[in-house]
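In what follows, a structure is listed as structure tokens, so that the remarks can point back to it.
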There are 2 protein chains.
Amino acid sequence: MAMKMVVPFFLFPILRLHFLLLHDHSPLIGNPEGTTCYHFVIIACHTRVQRNVNLEKLRTGYLFPEISMHELQHIRKYPDAKLINLGIGDTTKPIPEIISVSMAEYARALSTVEGYRGYGAEQGNKALRKAIAETFYKNVQVKDSEVFVSDGSQCDIARLQLLLGSNVTVAVQDPSFPAYIDTSVIMGQAGDFEEKSGKFGNIEYMKCGPQNNFFPELAKTRRTDIIFFCSPNNPTGYAATRQQLEELVKFAKANGSIIIFDSAYAVYVTDDSPRSIFEIPGAKEVAIEVSSFSKFAGFTGVRLGWTVVPEELCFSNGFPVINDFNRIVCTCFNGASNIAQAGGLACLSSEGFMAVCSVVDYYRENAKILLKTLKSLGLKVYGGENAPYVWAQFPGSKSWDVFDDILEKAHVITVPGSGFGPGGEEFMRISAFGHRETILEASKRLKGLFS
Amino acid sequence: MAMKMVVPFFLFPILRLHFLLLHDHSPLIGNPEGTTCYHFVIIACHTRVQRNVNLEKLRTGYLFPEISMHELQHIRKYPDAKLINLGIGDTTKPIPEIISVSMAEYARALSTVEGYRGYGAEQGNKALRKAIAETFYKNVQVKDSEVFVSDGSQCDIARLQLLLGSNVTVAVQDPSFPAYIDTSVIMGQAGDFEEKSGKFGNIEYMKCGPQNNFFPELAKTRRTDIIFFCSPNNPTGYAATRQQLEELVKFAKANGSIIIFDSAYAVYVTDDSPRSIFEIPGAKEVAIEVSSFSKFAGFTGVRLGWTVVPEELCFSNGFPVINDFNRIVCTCFNGASNIAQAGGLACLSSEGFMAVCSVVDYYRENAKILLKTLKSLGLKVYGGENAPYVWAQFPGSKSWDVFDDILEKAHVITVPGSGFGPGGEEFMRISAFGHRETILEASKRLKGLFS
């Protein structure tokens, strides 16, 4: 029984009521529809089921809802300002026609006896698994059967955590995409959060910044079972070099670790940095790769991704990881939407691939513009060449202060780097996923602000 | 490095190679594309990461791949037999046009500036959440914000397990859909599997059969934190009465337990059995409901479902369960495909709903035909009136023997009840999800076999 009302605090012990701040499904990453609304709910009874201690450990102030709150406050303060959002890394350009038509035709055919399909394989349609292997792993001999189609890499990261269980130790790049740490905490792999360091206990934070060419000092890195590694990196926009990844694979081999390599931004690589961890010889014995159609084909809302688990990868007892991942996929998932899979297949046709790449080029050009602008202002800027993110440094400043400053004076939303871990302090992530005119306007305003 | 070859066993200790039976992504539930293929792989090196002990506990012989193996053997033995599959509960009828057209139009519009959408809310589009609340929970005051749209109930069950963690105790109906127990085992809630009883330790099996009107003897049921309860039930096809569900809610309240109520087959109810646990007064303080568009709208491949977590439901410390579920959905999921959601919305328009219900009526008629046939043969048959499954009892027989008998003599695939737990022994599940002519032909063959 919930009643919305305010009750004097002194009544609490008498009424045995619980006074809770119930967060009404706040807008998180890419929730344009969400509205943040706090209200008080009084709960008159509760179960005897204990709250999961791991969820209690999670930080309550999640990055993206916090940004949305700042955004809302700003809109209230400046209702006429033309706010530009270069915060959330969400795609904005329409999907090429060849792909949307394929999905539309597949959907339409579901009304016909010939075109109707029920359950598909949990691991994905054979044709799509084959096309992914051939398109992205042609020269590194990934088998179709090692490709598991999914509804996106964030979901696959959670499934990989279910696979690994609570007894593994984990290392992450610092800064990094929050899902690695959050899912580790949910699975019970992490210790408590330490306010002072801004870190969870029992998680190895591998600092990556300009001082070490955005690559961890492996000699000083504690051995862990799992190493999450994202390249090109979100948020820093830095793509690890071949030599760096060779070092990483060597390190994992020496330690008997498993690398979970996130290549969601691989298609943005312009130089000869590896697009897959499997370009590194021997990586199949120590790595899993998660990837996605989201930033590659604008499928953030369509939902499609994949994970490669090589047959060679084994647990300490020699049991193949792929067998357990297959079991997780079949038990905790039921395959990606067949319509999204039809779209994925269209992306990997020669015509579709060219069309998709032209959109990627568009975002790349945006990143170049942002990079050039910020550099021209004398700022220390990184990323933007092999990734749709620019990573700007403001030495000595708190990133939330810089965020507020840019928002207040230029009406531009960015992301404070500290939201990606303590190693992101002093930095701002600026997303290149926007329409050209927006990027140019944002550049103009940033010039006005910093010059 | 993997080499496919056979190596004499005596060489193993010398070579320090590991000889593994690698299962090549066998066909599981509704994997029509899968082919079962065993091969030997020799692994020359492995990591130091320990295999998750919970995954080690899972049974290797999963029900549906085993059925597929029998099916394949049968096809080899009788290449000319016209095999009828009433095993896997997969929908076969095309989706009504109004729905496929909506999805096609949504997909097509993704190529336009106006129609393009990136990330949606992780919890689902507002319009769809509202439509679900209004269509299925009109009289029980479920709020839009309590509805979380998902990619299907199996996936939501796994996410609910992530929410609950490893320290809860669990009860399941016996027999029941395998995902409840399997995800409990994966999360570490279960003890070891006991071959003799056919049960996992630490899981409470609530036997449901004709002897207790398919409702557990609650007076003899051990208190657990979580009670998985599916009604109309898969596999028994039995829908719990209002009185039975009132008893269940009372039992949960007395024990401070949380019911996870699976209403995936609710639309098949024809009598006045509740279609939602929330029809029972007070259920919102003790229950979560998972449900799906799969069997309601033929969306088994499109992938769409939902979960209702009432605001009133709290952990023992008074913390609202909905807050933690929201966090899980935002961290481990990224929303259902926007195209599937457009289809869901079309299903819930008045015209769409009528069209979908006429497909449900078709499957209902199938179930009636099967029920009548088996009853006319003097068999003990249950279900089939409020569910698309018929549950036939063969006293004194092993269900795998009956399965083999029906397959061998009638060329009809069914599901042996023992696959759903020890309480399913002696029973067979027969699915009504088929074309009418298939159902009629199967009925004819079963008549020939059993009369």
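Net charge near residue A:419, counting Lys/Arg +1 and Asp/Glu -1 over other residues with Cβ under 11 Å of its Cβ?
0
Peptide A:303-315: average number of partner chain Cβ atoms within 10 Å per residue?
Whole-number average of other-chain Cβ neighbours for A:303-315 is 4.
Using 0.36 nm times the number of residues separating residue A:401 and residue A:202, minus their current alpha carbon distance, what extension gain do you get?
68.7 nm
What's the local net charge at residue B:277, with K and R +1, D and E -1, over the other residues with C-beta under 12 Å away?
Charge balance near residue B:277 sits at -2.
Rounded to the nearest whole Å³, what is the per residue volume of the convex hull around the Cα atoms of region B:322-372?
142 Å³
According to a simple spin-label model (label point 7 Å from Cα along Cα-to-Cβ), what is the distance in nm between residue B:220 and residue B:53?
Taking the two extended label points, one gets 3.2 nm.
I'd like the mean, over residues of A:218-224, of how many other protein chain beta carbons sit within 10 Å of each residue's own Cβ.
0
Roughly how far apart, in whole Å, are the Cα centres of region A:313-392 and region B:103-128?
Computed from Cα coordinates, the inter-centre distance equals 20 Å.
Provide the packing ranking of A:90-99, B:71-80, i.e. peptides ordered by the mean count of other C-beta atoms within 10 Å per residue, highest first.
Descending packing order for the listed peptides: A:90-99, B:71-80.
Looking only at other chains, what is the average number of their beta-carbon atoms within 10 angstrom of each beta-carbon in B:335-345?
The mean count of partner-chain Cβ atoms within 10 Å per residue comes to 6.
Given label points at 7 Å from Cα along Cα→Cβ, what nm distances, shortest first, separate residue A:134 from the same residue in every other copy?
Relative to the other copies, residue A:134 has label-point distances of 4.7 nm.
Taking a cut-off of 16 Å, what percent of all Cα-Cα pairs in region B:103-194 are separated by more than that?
Within region B:103-194, distances greater than 16 Å cover 69 percent of Cα pairs.
Based on a Kirkwood Rh over C-alpha pairs, give the Stokes-Einstein translational diffusion coefficient of the protein assembly as shown at 37 °C and viscosity 0.692 mPa s in µm²/s.
Translational diffusion coefficient: 116 µm²/s.
How big is region B:96-249 on each of its three principal axes, counting only the C-alpha atoms and giving the largest first in Å?
61, 34, 27
Would you please name the GluC sites (Glu not before Pro) within region A:173-225 that are DSSP coil residues with at most 12 other C-beta atoms within 10 Å of their C-beta?
A:195, A:217
Can you sort B:354, A:187 by how many other beta carbons sit within 10 Å, fewest first?
Exposure proxy ranking, most exposed first: B:354, A:187.
In nm, to one decimal, how far is the residue B:81 label point from the residue B:254 one, both placed 7 Å along Cα→Cβ?
Once both label points are built, they end up 5.0 nm from each other.
Just round it to a whole percent: the fraction of Cα-Cα distances in chain A exceeding 44 Å.
Beyond 44 Å sits 14 percent of the P(r) for chain A.
Taking the label point as lying 7 angstrom from Cα along the Cα-to-Cβ axis, what are the distances from residue A:395 to the corresponding position in the remaining copies, in ascending order and in nanometres?
Between copies, matching label points for residue A:395 lie 8.8 nm apart.
Sorted from shortest, what are the nm distances separating the label point of residue A:220 from equivalent points in the other copies, each placed 7 Å from Cα along Cα to C-beta?
Spacings between copies for this position, smallest first, are 6.5 nm.
Among A:262, A:182, B:405, which comes first, second and so on when ranked by fewest other beta-carbon atoms within 10 Å?
Ordered by Cβ neighbours within 10 Å, fewest first: B:405, A:182, A:262.
Could you work out the local net charge near residue B:343, counting Lys and Arg as +1, Asp and Glu as -1, over the other residues with Cβ closer than 11 Å to its Cβ?
Here the count lands on 0.
Over region B:167-316, consider all pairs of different Cα atoms and compute the Kirkwood hydrodynamic radius from their mean reciprocal separation; express it in Å, one decimal.
For region B:167-316, the Kirkwood estimate is 15.8 Å.
Every number here is computed from the coordinates shown, using simple stated rules; none is lab data. Please read these numbers as outputs of a predicted model, since none were measured by experiment. Using ideal geometry, Cβ is built from the backbone for each residue, glycine included, and neighbour counts are taken over all protein chains shown.
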